[in-house]
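My structure is below; once you've seen it, I'll send some questions.
Quick note: the coordinates plus some simple rules give every number you see, no bench work behind them. What you see is a predicted model, and the numbers here were worked out from it, not measured in a lab. When we count neighbours, we look across all protein chains shown, and the Cβ atoms used for this are built from the backbone with ideal geometry, even at glycine.
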Amino acid sequence: MKILSLIFLVFSLVLIADDDNEYYEHSLHIPRDLSYLDLSDTQKDLIKNIIKNNNKKLLQIYEDEEDFEKDAKKMFLNENFDKQSYIKESTKLKNKIITLEADFFNNIHHILNKKQRELFLIHLEEWEID
């Protein structure tokens, strides 16, 4: 359910980016809203595709995370806890998350100009994977 609401939120906020920027300059910032960047139509399309692809990969990572949690519980219930296996699987999952996040930021970085990157940086934490 979290995943579906996250995807819905991202798509709806990207669509909000089409509205006039004047309203958002004088209001509270909405998480993951990019309207403050004054994106061109081409940039909007490219970023929408990046977010869409990122969300697909994020869904897979969430599934992997659920599988890991199930496996970790099984490991813990065993007579002997396999510490090395736990570390290996946990590290593999965290590396996937870091790689996905880095790929996302790299792709966004190539689309934004210098001023937009500076503005994006203000809200960078919103885009980090928890």
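Just to verify a number: FRET efficiency for residue 42 and residue 123, C-beta to C-beta distance, R0 = 22 Å, to 0.05?
Using R0 = 22 Å, I get an efficiency of 0.55.
Along segment 62-68, what does the Karplus equation 6.51 cos²θ - 1.76 cosθ + 1.60 (θ = phi - 60°) give for ³J(HN,Hα), rounded to whole Hz, x for Gly and Pro?
Each residue of segment 62-68 in turn: 4, 5, 4, 5, 5, 4, 4 Hz.
Which residues does the label zone of residue 75 cover in segment 88-111, counting backbone N under 16 Å from a point 7 Å along Cα→Cβ?
88-96, by backbone N distance to the label point.
Pop a pseudo-label 7 angstrom from the Cα along the beta-carbon direction at both residue 103 and residue 49 and give the gap in nm to one decimal.
For the pair residue 103/residue 49, the computed spacing is 1.5 nm.
Could you pull out every one of the lysines with an alpha carbon less than 18 Å from that of residue 115, ignoring same-chain neighbours closer than 8 positions?
44
Could you run the Karplus curve 6.51 cos²θ - 1.76 cosθ + 1.60 with θ = phi - 60° over segment 104-110 and give me ³J(HN,Hα) per residue in whole Hz, x for Gly and Pro?
Running phi through 6.51 cos²θ - 1.76 cosθ + 1.60 with θ = phi - 60° gives 4, 5, 4, 5, 5, 4, 5 Hz.
Pairs to check: 74/96; 56/94; 52/96; 52/88; 70/94; 52/92. Give those whose C-alpha atoms are more than 19 Å from each other in this structure.
74/96; 52/88; 52/92
Continuing with the same structure: Using the Cα centre as the reference, give the magnitude of the dipole from point charges on the C-beta atoms of segment 43-107 (Lys, Arg: +1; Asp, Glu: -1; all else neutral), rounded to the nearest 20 debye.
My answer is approximately 260 debye.
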